[in-house]
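Heads up, the thing below is written out as structure tokens.
Read the figures in this text as sums done on the coordinates, not as results from a lab. Keep in mind the model is a prediction, meaning the values are calculated, not measured. Heads up, the Cβs are rebuilt from the backbone with ideal geometry, glycines too, and the neighbour counts pull from every protein chain shown.
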Amino acid sequence: MNKLNLNLYKKLFLIRIAEETIRAHYKEDGMKTPMHLSVGEEAIAAGVCQALGKNDQVFGTYRNHGLYLAKTGETDMFFAELYGKMSGTAKGKAGSMHLASPALGLMGTSAVVGTTIPVAVGAAFANQQIKNGKLTAVFFGDGAVDEGVFWESLNLASLKKLPILFVCEDNDLAIHSPAKERHSYQSLTEIVAKFEYNIFSSDSTDAEEIFNLTKEAIKISRKNGKPSFLHFKYYRYYQHVGVDFDFHHGYRPESEFKKWQARDPITLMRKKLRIEGHKEEVIAQAEEKIQRQVNESLARAQAAPFPASEELYTDVYA
């Protein structure tokens, strides 16, 4: 039986349950941070992070819950941060959009589009200089490629042959604007291919396929010294920011969602596990364990104290 897919499923299920728990409690107004849910794109974070080494580094965007959970596996500090509590990853100061856990490899995420891309390139340059063998992966949406810093970073990483993976999570939307209204070119990967990159692309919702593509990218990059560009299509189930559906706004049809939901990453992987011979009770036990973990972390976060007012002046630059 495939232990890889069971491990991938645990990551997928953790992300989905954590975010559906957020949805269930968000309107209670205890979590006062804006939420950008990653429901529908779990396979990307799960697949890429499973392929990375424990000491490798990742950077992400404000839609970062999946990345945080896939890289760290922990939920106590995660939920505490969403509730603004002292036990959170940043003592309640970061909220949802600036989650980080450097000790576990998540170096930083940002609310401002494209801003972690050059920082990730800097981290990759540092790793190259000190020869520590660490790989850096930077996640960004297709809206970030409209920023000049993306192209500058892409060029420099190629020029210096940095140990970095550019991971484009492409849902065709920059908030509500489709790519056809923003780009005068048809294919992002064709343009990136003009630089010295190993190019990989998929519209699969299968975390195993994404894992395999990422492992191949890492293997080839280590062999030829070129950075890799991974372009993954996906569909976000809920609105850009918030916890509800938004098909009534008119910028995307519900029929489009249903086509993607028919190959939902969690449902797909669960079916694969059964086909591979994993027993239903084993899968159910894994799900129950994750559900307990999330429920307990939520309860601890709700009961945890808020930071003292003096904390406003700690861990800041000015």
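A few remarks follow.
- A Cβ-based charge dipole, computed about the Cα centre of the chain with Lys and Arg at +1 and Asp and Glu at -1, lands at about 980 debye.
- The equivalent ellipsoid that matches the C-alpha gyration tensor of segment 32-91 spans semi-axes of 21, 14, 9 angstrom, in descending order.
- Overall, segment 168-212 carries a charge dipole of about 340 debye about its Cα centre when +1 sits on the Cβ of Lys and Arg and -1 on the Cβ of Asp and Glu, all other atoms neutral.
- Over the chain, the ratio between the Cα radius of gyration and 2.2 N^0.38 Å evaluates to 0.98.
- Exposure proxy shown here: for MET35, MET269, MET1, the number of other Cβ atoms within 10 Å sets the order, fewest to most, as MET1, MET35, MET269.
- Hydrodynamic radius of segment 220-279 per Kirkwood, over alpha carbon pairs, in Å: 15.0 Å
- Residue-count net charge about ILE44 - beta-carbon cut-off 12 Å; Lys, Arg +1, Asp, Glu -1: -3
- Residue-span extension gain [GLU281 to ALA126] - 0.36 nm each, minus C-alpha spacing: 51.2 nm
- The lysine pair count for segment 250-318, using Cα distances under 28 Å and pairs eight or more places apart or on different chains, is 8.
- Measuring how big segment 227-318 is from its alpha-carbon positions, Rg and Dmax come out at 20.6, 57 Å.
- Magnitude of the charge dipole, segment 140-217, Cβ model with Lys/Arg +1 and Asp/Glu -1, debye to 20: 400 debye
- Each Lys or Arg adds one and each Asp or Glu subtracts one; over the other residues with Cβ under 13 Å from the Cβ of THR189, this totals -2.
- Share, in percent, of DSSP beta bridges within the chain that are antiparallel, nearest 5: 10 percent
- Per residue, the convex hull volume that the Cα atoms of segment 153-202 enclose (Å³): 96 Å³
- Cα point-scatterer Debye curve for segment 104-253, base-10 log of I(q)/I(0) at q = 0.11, 0.22 Å⁻¹: -0.44, -1.56
- Neighbour counting of Cβ atoms within 10 Å sorts the residues ILE164, ILE218, fewest neighbours leading, into ILE218, ILE164.
- Scaled to the globular estimate 2.2 N^0.38 Å, the Cα spread of segment 38-145, given as radius of gyration, is 1.02.
- Structure remark: mean-square fluctuation, Gaussian network model of the chain, C-alpha springs under 10 Å; the largest value among VAL145, VAL282, VAL294 belongs to VAL282.
- Where a label projected 7 Å from the Cα of ASN295 along Cα→Cβ would reach, residues of segment 1-45 with amide N under 14 Å: 18, 21
- Value at 222 nm in deg cm²/dmol, rounded to 500, when DSSP H runs of n ≥ 4 in the chain each add -39,500 (n - 2.57): -14500 deg cm²/dmol
- ARG300, ARG222 arranged by Cβ crowding within 10 Å, fewest neighbours leading: ARG222, ARG300
- Note on segment 1-129: lysine pairs with Cα distance below 20 Å, sequence gap of 8 or more or different chains, count 14.
- Charge-dipole axis of the chain as Lys and Arg at +1 and Asp and Glu at -1 on Cβ define it, positive-most pick from THR21, VAL112, THR205: THR205
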